[in-house]
1. Are any of the residues in region 53-62 small (Gly, Ala, Ser), surrounded by 20 or more Cβ atoms within 10 Å (Cβ to Cβ) and not in a loop (DSSP other than H, G, I, E, B)?
2. Which is surrounded by fewer than 18 Cβ atoms within 10 Å (Cβ to Cβ) and at pLDDT 95 or above, of THR107, THR103?
3. Residues THR177, THR209, THR218, THR194: which one is farther than 17 Å from GLY82 by Cα, among the hydroxyl-bearing types (Ser, Thr, Tyr) and buried (at least 19 other Cβ atoms within 10 Å of the Cβ)?
4. Can you tell me which residues in region 227-261 are at positive phi and among the hydroxyl-bearing types (Ser, Thr, Tyr)?
5. Yes or no: region 122-130 includes at least one residue that is over 22 Å from ALA51 (Cα atoms) and not in a helix (DSSP H, G or I).
6. Look at region 30-83 and say how many of its residues are closer than 21 Å to ILE161 by Cβ, out of contact with any Leu (no Cβ under 8 Å at 6 or more places or on another chain) and among the β-branched types (Val, Ile, Thr).
7. Please go through region 25-45 and give me each residue that is open to solvent by 40 Å² or more (accessible area, probe 1.4 Å) and either touching a residue at least 12 places away in the same chain (Cβ under 8 Å) or closer than 16 Å to ILE67 by Cα (or both), ordered by number.
8. Regarding PRO95, is this residue over 12 Å from the mean Cα position of the chain (by Cα), outside any helix (DSSP H, G or I) and at pLDDT 95 or above?
Amino acid sequence: MATNFPQCLFLWIFVAFCSYLVRFSFCQPSGYSQAVATFYENPTSPGSGGACGLENDVASAPYNAMITAGNQALFKQGSGCGACYQVLCTQDQNPHCSGNPITVTLTDECPGACNNDPVYFDISGIAFGKLAKSGEASQLYNAGRISIFYQRVACNYNTNILFKVDKGSNPNFFAVTSEAVDGDGDLSLVEIQTSNSSWMPMQRMIGATWSVGIQPDTQKPPFSLRLTSETKQSVTAPSVIPDGWQPRSIYKSNVNFPNQL
């Protein structure tokens, strides 16, 4: 009996190629890119706001531990602080993944070996567990390092911008961290206006914390702050820092950016 070996070989190659396309193209959600993810310290860790200047504020509202550190592809020498990302993992990547997305804010840097991968998320322990199927978070924690999909999304905190005066501020030096910034989330410029001066640019001190020198005899509070986002949108918080301000105090504004990119 004659065989159709060439035809069978062609069919096998065709099926294998189609399977490759299904696995590596069709299974990647539209709009998402691939990355690697690990988690902070332990399953109950809220993560850190250290390299962005948010300190332990990430554990409570409006962040509620839904945060991540990122390698330089995300952290961008601090200019990426505040950006929001939707991340998920599928059962093709790990059988314990739910496939449901979560949204995290970039609040810290993942240095060193994290930069061996093109894009690397080090997610808070609390947020990492939310990537798992119900009742299977422990198996995902045991995996430690997983493949994920991610995409940039608009931040939306359902509150107005919060300004935390840095602990190192004094009558001659003023530094402030912007929190709960909607829209782009990350800032390209922060400016300050004292009660009797024009707008002055501040300098990025660390991540989301910006600073400026103050002449206390002539540049008096209240201070207004003007923020410019990555996409060059601006909002102004008039007289948001009151006379008698204190280091570590948080002052709530009455403004925020539109919650869109």
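The values are calculated or read from the model by the stated rules, or taken from the named source; none is laboratory data. Only a predicted model underlies this, so the values are computations on that prediction, with no experimental measurement involved. Using ideal geometry, Cβ is built from the backbone for each residue, glycine included, and neighbour counts are taken over all protein chains shown. Note: areas computed on protein heavy atoms with side chains; ligands, DNA, RNA excluded. Shrake-Rupley method; radii C 1.70, N 1.55, O 1.52, S 1.80 Å.
1. No: zero hits.
2. Exactly one of THR107, THR103 is surrounded by fewer than 18 Cβ atoms within 10 Å (Cβ to Cβ) and at pLDDT 95 or above, namely THR103.
3. Going through THR177, THR209, THR218, THR194 in turn, the sole match is THR194.
4. SER239
5. yes
6. Here the count works out to 1.
7. Those that are open to solvent by 40 Å² or more (accessible area, probe 1.4 Å) and either touching a residue at least 12 places away in the same chain (Cβ under 8 Å) or closer than 16 Å to ILE67 by Cα (or both): CYS27, GLN28, GLY31, SER33, GLN34, PHE39, GLU41, ASN42, PRO43, THR44.
8. Criteria met by PRO95.
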